Amino acid sequence: MTTNHPMIDGLTDDARWEIALAKDRRYDGVFVTGVHSTGIYCRPSCPARAPYRKNVRFYPGPDEAEAAGLRACKRCSPNTQSAEEACVLAAIAVIREKGAQSLDQLADLTGYSPTHFQRLFKRTVGLSPSAFARALLEERVRGALENGASVTDALYEAGYSTPSQFYDGTKGKLGMKARDWAGGGAGRIIRWSVIATSLGDMLLAATDKGVCCLSFGEGAAELQARFPKADLQPAGEDLRGLFDKVVAAVEEPSSDMSAIPLDVKGTAFQERVWQALREIPAGETRSYGELAAALGNPNASRAVGGANGANNIAVLIPCHRVVQADGSIGGYAYGPEIKGELLKRERQN
């Protein structure tokens, strides 16, 4: 029962592993996860505890997994498909082929009322049909850029009629621009400085779009490792105003940081986690499980932890506000002392 799914294009095993950790329902039907230590195969969204990566292989569908000697998981039943799932997959196929569709068009296709289908699609995929269509276009842009296309060619190849259509549709995503997806900071100028703060020396770096790195106890070597293809230059006086605002936010982390521009790059899931972190009010914390639940994937705690660890911009993207389920402080890239002090300052204000 191998299923051809519209989002399978270009998936690597590393991407499939990240999807399985996030338990992303959008990829049910795209592939199955074979766990050779237990002899079973599962949907990507299976609620079972994540296996060790070394025991996992990925297969296009149940037929291939069973040919490899695996049996279907009884929890997620990857070899069966409900009528509702079939309708959602049919709608995804139409969106893939023809682009965004109205709810009325999708309702006619599936036989559900527009309101019911909207709820069904969002429950299954995690996004509304219109948001899914936009995400699909953005993924096409990302893939074209990573394959060496110019920004303009990537936008038109993905299906955007004009570049402004892409930029207007991606406003608010932490300063992200299409050319930032090309990888490694190639062609970008990043200006940086190490600044003394009450928390220790702070590395601060910015592009012309906004802050791209904030860390503690690091310098030029670590910045180059984060952005190996970028042109690193010392920060000049023209960045003093921006850097002063960042220092103030670090010294008083309860202050409003939303006006400080950011320039970040990550996977779609990482960007969702980073945006959710920015929405945690100062003085409050969330566990990994609570953050995963807020993102619609309550079993994705490990994936949330991975996205937390991939954050290049401490404090401004406040990963220090994520703690253990029992309320203990947990780990932090720059040490528990800095994390504890940030939380203490936020609670005092």
- Note on the structure: Quick tally, 1.4 Å probe accessible area for 54, 344, sorted with the most first, runs 54, 344
- Can you tell me the FRET efficiency between residue 233 and residue 256 if r is taken as the Cβ-Cβ distance and R0 is 41 Å, rounded to the nearest 0.05? 0.90
- How high is the relative contact order of segment 205-349, in percent, counting Cα pairs under 8 Å that sit 6 or more residues apart? 28 percent
- Label-to-label distance, nm, for residues given as residue 37 and residue 194 (7 Å Cα→Cβ offset): 4.1 nm
- Based on the Cβ-Cβ distance from residue 49 to residue 275, what FRET efficiency comes out when R0 is 30 Å, to the nearest 0.05? 0.65
- Item | Cβ-defined net charge surrounding residue 110, 12 Å radius [Lys, Arg +1; Asp, Glu -1] | -4
- Provide Rg and Dmax in Å for segment 243-325, with only Cα atoms included in the calculation. 12.5, 40
- Note on the structure: Distance in nm between residue 201 and residue 98 label points, each 7 Å along Cα→Cβ, equals 6.1 nm
- Taking a 32 Å limit on the Cα-Cα distance, which of the listed pairs 209/339; 23/265; 98/265; 74/339; 74/122; 229/339 fall beyond it? 74/339
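The values are calculated or read from the model by the stated rules, or taken from the named source; none is laboratory data. In this text, all values refer to a predicted model and were calculated from it rather than measured experimentally. When we count neighbours, we look across all protein chains shown, and the Cβ atoms used for this are built from the backbone with ideal geometry, even at glycine. Just so you know, the surface numbers come from the protein's heavy atoms only, side chains and all, with ligands and any DNA or RNA stripped out. Shrake-Rupley method; radii C 1.70, N 1.55, O 1.52, S 1.80 Å.
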